Amino acid sequence: MTPNRAVPVPASSARRRLERRASTVGALVFLLGVCAAGGLRSQCPDGTPPPCGARPARVVAAPAANTVAVMYLDNATRDTSDAYLADGLTEEITTKLGQIGRLAVTSNTTMRRYRSTAAAADPAELGRALRVTQLVSGSVRRAGHRIRVNIELVRARDGVQLWADAYDRTDADLLSIEEDVARAVAGAIAGRLLPGEQMTLAVRPTRNPQAYDHFLRGNFVVARRTPAAAREAVTEYQDAIALDPGFARAYGRLSLAYGLFADWGWPFPGLSYDSLLALASGAADHAVALDSTSADAWLARGFASAYLHPASLADAFPAFRRAIALDPNNAEAHHQYGLVLMNWGRDSEAVEEFRRALAIEPGRVVTLENLMYLRYCERRFDEARRLIDSALAIDPQSSYLYADRANLSLTLGDVPAARADADIAVRLRPSDYVIPSEALVAMLEAVARDTTGARARLDRLVQSLSDPAHPSYTLAQWLALAAVHIGDRDRALALLESAWPPGACVWFIMRDPGFDPIRDTPRFRALVERLRPR
């Protein structure tokens, strides 16, 4: 089917739509100053390192003509449950455009910060912040089984519309809408598409529209990064695979969803830690078997292998390298590779991978957080503080970021700052993931000399573990830090000794400066030596 004839839209309409969709640009400008690819440090307003002073004005080159950002499409349907459709369509169009080598496309991660309507910016302001010459915006409306998608491409410097179209199809035609929009936008920017580029845009992850709908729903909920949302995502991906057993991307996402439970230490009723890892590994193997050219499939295998074989990481390193070779611009692959390098004690290589991820997606909060923790463990506290502050400037609603900053403040002896951040972490935390913030409260109770209250809180947290004999390494770290503050060294050591999976992950968290009071004990030294990567 061919798209409907373009519907003329005045340039002023394009400007108004972008203004409605824009978010505060100041945070992005601040972030780009802090997170330059060549090094992560504070900068002066002109982009140079401190001390700041009068300097000649720096000439900033104009963005290339092939640069484009896809704004998140408006959900014009009254039913908010259809928000996943607008988000999914946006992200898939962005992915398809990114496969055209002649285009430079801003990542979805960056664009998520521009969804708020709390502030407005005109197209020129957005173009300058995003370093793009063109902006794509639009809306999605569903009525029964019909979907209407309005899309427009505008020139950033003045908001002049370059192209617009409306697609009125059934919900079974969603994949064709994505392909048609990507082809039209790419052609409007780059000119006539080459045969290979047209073939690339024509590739579809599945031919089953219902399976694809479940896939988009899974992607939407898993982005919330809570245990309940991840469990819901698992169900959506499983439904997609049941409808299309050859859906490689659904297997890859299912593997990563299972892996999140191992990474964060989230509970999954009815499934043990080992069962979750086995399911993650099996789904990753299916993804690779179905499509060995998929970077996401190899990324899933590397992620699962890092937890399934924590003592050697033998399979994780080559899997991540394969993913990066297939897609050098995959920020998640660089991030996860940096994470296993960090756990292996190869700090400088880990930093380089984190920086590559940030160069691809400036402001990637999870990468800033991991780089912060590495610097914290290296006792580069000032840099760690700048990094966590940057992450919170971008995402001020993340409980775990406040928990991390509170822990840093406690280490530095700033108890009032730690208490303030711990209070926010408690307020923002998911209802089914309370241990990090509650462990912080126990630490602060111990600092305030309420040892009885702190000990009782720690007891309750340990009893709440789904597997008290083998707590996940993430939760064991928080609980052991609380035990150190209480003065219960034996309990802290026992928690670290039982942390699961034993290997590089546990070895790395033991570098935390919060464990300094027990670092020289024979049990601690023996555990470090036993878990040290070989």
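Condition check ((1) closer than 24 Å to I324 by Cα; (2) in a helix (DSSP H, G or I); (3) modelled with pLDDT of 95 or more) across all residues:
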{"site": "I241", "(1), (2), (3)": "no, yes, yes"}
{"site": "D263", "(1), (2), (3)": "yes, yes, no"}
{"site": "P267", "(1), (2), (3)": "no, no, no"}
{"site": "G270", "(1), (2), (3)": "no, no, no"}
{"site": "D274", "(1), (2), (3)": "no, yes, no"}
{"site": "L277", "(1), (2), (3)": "yes, yes, no"}
{"site": "G282", "(1), (2), (3)": "yes, yes, yes"}
{"site": "H286", "(1), (2), (3)": "yes, yes, yes"}
{"site": "A306", "(1), (2), (3)": "yes, yes, no"}
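Among the residues of segment 226-266, those that are surrounded by 19 or more Cβ atoms within 10 Å (Cβ to Cβ), of a type in the set (A, V, I, L, M, F, W, C) and in contact (Cβ under 8 Å) with a residue 40 or more places away in the chain comprise F247, A248, A250, L256, A262, W266. For segment 336-360, the set of residues classified as over 18 Å from the mean Cα position of the chain (by Cα) and closer than 18 Å to T109 by Cα is empty. Kindly indicate whether any position in segment 205-213 is under 30 Å from S305 (Cβ atoms) and acidic (D, E). No.
Would you call A333 outside the structural domain of Q238 (by TED's automatic domain parsing) and in a loop (DSSP other than H, G, I, E, B)? Against the criterion (outside the structural domain of Q238 (by TED's automatic domain parsing) and in a loop (DSSP other than H, G, I, E, B)), A333 does not qualify.
Count of segment 267-277 residues, restricted to those that are in contact (Cβ under 8 Å) with a residue 24 or more places away in the chain and in contact with a Leu (Cβ under 8 Å, 6 or more places away or on another chain), is 2. Among residues of segment 361-413 being over 20 Å from the mean Cα position of the chain (by Cα) and among the aromatic types (F, W, Y), the one that is nearest to P517 (Cα to Cα) is Y376.
Taking (1) modelled with pLDDT under 90; (2) under 29 Å from the mean Cα position of the chain (by Cα) in turn, G138 satisfies each apart from (1). Being farther than 25 Å from R532 by Cα and touching a Leu at 6+ places or on another chain (Cβ under 9 Å) is the requirement here; does F354 meet it? So F354 does not fit the description; no.
Exactly one of these conditions fails for Y433: (1) closer than 18 Å to L481 by Cα; (2) of a type outside the set (V, I, T); (3) assigned to a helix (DSSP H, G or I). Give me its number. Among (1) closer than 18 Å to L481 by Cα; (2) of a type outside the set (V, I, T); (3) assigned to a helix (DSSP H, G or I), the lone unmet condition for Y433 is (3).
Taken as a whole, the condition of being within 26 Å of S498 (Cβ to Cβ) and assigned by TED's automatic domain parsing to the domain that holds P227 applies to A278. Would you confirm, using the coordinates I've provided, whether F317 is in contact (Cβ under 8 Å) with a residue 12 or more places away in the chain and under 15 Å from the mean Cα position of the chain (by Cα)? So F317 fails the test. Residues that are at negative phi, without any contact (Cβ under 8 Å) to a residue 60 or more places away in the chain and surrounded by fewer than 19 Cβ atoms within 10 Å (Cβ to Cβ) within segment 177-207 comprise G187, A188, R192, L194, P195, G196, Q198, M199, A202, V203, R204, R207, listed in sequence order.
Among the candidates D213, D168, the residue that is touching a Lys or Arg at 6+ places or on another chain (Cβ under 6 Å), among the charged types (D, E, K, R) and in contact (Cβ under 8 Å) with a residue 40 or more places away in the chain is uniquely D168. Candidates in segment 393-413 are the residues that are free of Cβ contacts under 8 Å to residues at least 24 places away in the same chain and surrounded by fewer than 16 Cβ atoms within 10 Å (Cβ to Cβ); of these, the one that is nearest to V462 (Cα to Cα) is G413.
Being within 17 Å of L299 (Cβ to Cβ) and at pLDDT 95 or above is the filter here, so list the residues in segment 343-356 that pass it. Steps first, please.
Residues of segment 343-356 within 17 Å of L299 (Cβ to Cβ): 343, 350, 353-354, 356.
Scanning segment 343-356 gives A350, E353, F354, R356.
Of all residues in segment 462-490, those that are surrounded by fewer than 22 Cβ atoms within 10 Å (Cβ to Cβ), assigned to a loop (DSSP other than H, G, I, E, B) and at negative phi total 8.
A164 - would you say it is closer than 29 Å to E125 by Cβ and touching a helix residue (DSSP H, G or I) at 6+ places or on another chain (Cβ under 9 Å)? Yes, satisfied. Cβ-Cβ distances below 6 Å connect the following pairs, each with a first residue in segment 365-386 that is part of a helix (DSSP H, G or I), a second residue that is hydroxyl-bearing (S, T, Y), and a separation of six or more residues or different chains: L368/S390; A384/Y376; R386/S42. Residues in segment 288-304 that are part of a helix (DSSP H, G or I) and out of contact with any helix residue (DSSP H, G or I) (no Cβ under 6 Å at 6 or more places or on another chain): A289 only.
The values are calculated or read from the model by the stated rules, or taken from the named source; none is laboratory data. All values derive from a computational prediction rather than experimental measurement. Please note: Cβ atoms are built from the backbone with ideal geometry, for glycine as well, and neighbour counts cover all protein chains shown.
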